[in-house]
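J.: So that we are looking at the same thing, I have put the structure below in structure tokens.
The values are calculated or read from the model by the stated rules, or taken from the named source; none is laboratory data. Not measured: the values here are computed from a predicted model. All Cβ positions, glycine included, derive from the backbone under ideal geometry; neighbour counts span all protein chains shown. Surface areas here come from the heavy atoms of the whole protein model, side chains and all, with no ligands, DNA or RNA. Shrake-Rupley method; radii C 1.70, N 1.55, O 1.52, S 1.80 Å.
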Amino acid sequence: MVKSGRVRLDESDLSIIRELQNDGRRGVAEIADALSIHRNTVSVKLRRLIDKRIVNPSIYVQPPALGFNAAAVIGIKVAPGEIDSVVGLIGALPNVHNVFVCLGRYDIVLWGLFRDQDELHSFITTELGKASGIIGAETMITLGMKKLSFAVLESRGAQRGMEVASEAPAGGAWLDEQECAIIRELQRDARQSAAAIARRTGHSKNTVLTKMRSLLDQGTVKPFIAPNAIALGYHVMVAVGISVLPGEIEAASEKLTHLENTQTLIVCTGRYNIMFWGLYRDMEELYELLRTELGNIPGITDAEAMVILRVTKNSFAYLAPS
């Protein structure tokens, strides 16, 4: 997992993070009013949280809106001593957005986005073939993303931070060049103002405001903060491949999405029916998942846990810079 220096967080720091879990672009004044904290205090604390990499403001864009209609998780086995070189090669590939080094069945697990099945096929047969250290790979095509949560701390409301489920219809990209330019700027700095984006893109401020409001209202773009899990007390990250009885996949995935520690959950083809990622404070808390929580969900026949040793890439910048 990502390492960080020790940073002491007080209750007001944690409260600011909770507010941003619901909306990564939430303004300083709005946060200050919600928490009854002086605006200058919020501004200083927020800047410190960002500078110390406790939180990373970012945006999530529905992949089909950008023309990505295929996604896959690929588990990779690597020859001894070759992990660093393989990680470096695949992490530089533009289709790859998440790379995890693991203990368990796979040495590396990656998640990638592709325009179509042909692009995925080319990636597997050509791009991965360039890494001489890879001795095996298994592909699990994503059929549906049931949960993608950017929240770690419990929120004051009923919902634990912001969650997105990628259920957007497939098809060609439907964003115009102005919208793509705005998204590229938000990928660079998710909290910059509409006026700053207008200056950098050459569009009017009113155009940027209108386009941004439309993207946000339609759910095409969702601003969030990616918190540094270790700094917030979560020291164990795990990927779990889950096999489920036919006819029980939807019911099982629904129950899994409601587990407190679930961060990401997809339904897929291949070795597993479901891939699950979760964050835990320690190994004892993870053991509770395997001992009790999974056993209480009907239909699950098998589960393989892969403890994640390191996250070497975690990018939501789906659009390449212009």
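J.: Run down LEU245, LEU309 and say which single residue is modelled with pLDDT of 95 or more, open to solvent by 30 Å² or more (accessible area, probe 1.4 Å) and either more than 20 Å from the chain's Cα centre (by Cα) or acidic (Asp, Glu) (or both). Let's see the steps before the verdict.
T.: Values: LEU309 fails: either more than 20 Å from the chain's Cα centre (by Cα) or acidic (Asp, Glu) (or both).
The match here is LEU245.
J.: Looking at the structure I just gave you, is GLY75 open to solvent by less than 10 Å² (accessible area, probe 1.4 Å) and assigned to a loop (DSSP other than H, G, I, E, B)?
T.: Numbers: open to solvent by less than 10 Å² (accessible area, probe 1.4 Å): yes; assigned to a loop (DSSP other than H, G, I, E, B): no.
Criteria not met by GLY75.
J.: Which residues, counting only those in segment 106-152, are in a strand (DSSP E or B) and either open to solvent by 30 Å² or more (accessible area, probe 1.4 Å) or among the hydroxyl-bearing types (Ser, Thr, Tyr) (or both)?
T.: Keep residues of segment 106-152 that are in a strand (DSSP E or B), which gives 108-114, 134-149.
Within segment 106-152, ILE134, ILE135, ALA137, GLU138, THR139, ILE141, THR142, LEU143, LYS146, SER149 meet the criteria.
J.: When the residues of segment 166-180 are filtered to those that are at pLDDT 60 or above and over 22 Å from the mean Cα position of the chain (by Cα), which remaining residue is most open to solvent (accessible area, probe 1.4 Å)?
T.: Let us first name the residues in segment 166-180 that are at pLDDT 60 or above, namely 174-180.
Now drop any that are not over 22 Å from the mean Cα position of the chain (by Cα), which leaves 174, 176-178.
On the way: TRP174: 113, ASP176: 59, GLU177: 137, GLN178: 64 Å².
That would be GLU177.
J.: Keeping to segment 244-262, report how many residues are outside any loop (DSSP other than H, G, I, E, B), within 19 Å of GLU304 (Cβ to Cβ) and of a type in the set (A, V, I, L, M). First the steps, then the outcome.
T.: Step one: of segment 244-262, the residues outside any loop (DSSP other than H, G, I, E, B) are 244, 249-257, 262.
Still in the list and also within 19 Å of GLU304 (Cβ to Cβ): 244, 249, 252-253, 255-256, 262.
Going one step further and asking which of them are of a type in the set (A, V, I, L, M), we end up with 244, 249, 252, 256.
Matching residues across segment 244-262 total 4.
J.: What is the residue count in segment 61-72 for residues that are assigned to a helix (DSSP H, G or I) and either in contact with a Ser or Thr (Cβ under 7 Å, 6 or more places away or on another chain) or open to solvent by 60 Å² or more (accessible area, probe 1.4 Å) (or both)? Step through it out loud before you land on a result.
T.: Of segment 61-72, the ones assigned to a helix (DSSP H, G or I) are 63-66.
From the residues that got through so far, the ones that are either in contact with a Ser or Thr (Cβ under 7 Å, 6 or more places away or on another chain) or open to solvent by 60 Å² or more (accessible area, probe 1.4 Å) (or both) too are 63, 65.
Result for segment 61-72: 2.
J.: Here's something else I'd like to know. Inside segment 20-60, can you point out the residues that are outside any helix (DSSP H, G or I), of a type in the set (Lys, Arg) and either touching a residue at least 12 places away in the same chain (Cβ under 8 Å) or over 30 Å from HIS97 (Cα atoms) (or both)?
T.: Step one: of segment 20-60, the residues outside any helix (DSSP H, G or I) are 23-27, 36-38, 52-60.
Still in the running and of a type in the set (Lys, Arg): 25-26, 52-53.
Listed by number, the residues that qualify are ARG25, LYS52, ARG53.
J.: Please go through segment 272-285 and pick out each residue that is buried (at least 17 other Cβ atoms within 10 Å of the Cβ), out of contact with any helix residue (DSSP H, G or I) (no Cβ under 9 Å at 6 or more places or on another chain) and more than 15 Å from LEU148 (Cα to Cα).
T.: The answer is TYR272, and nothing else.
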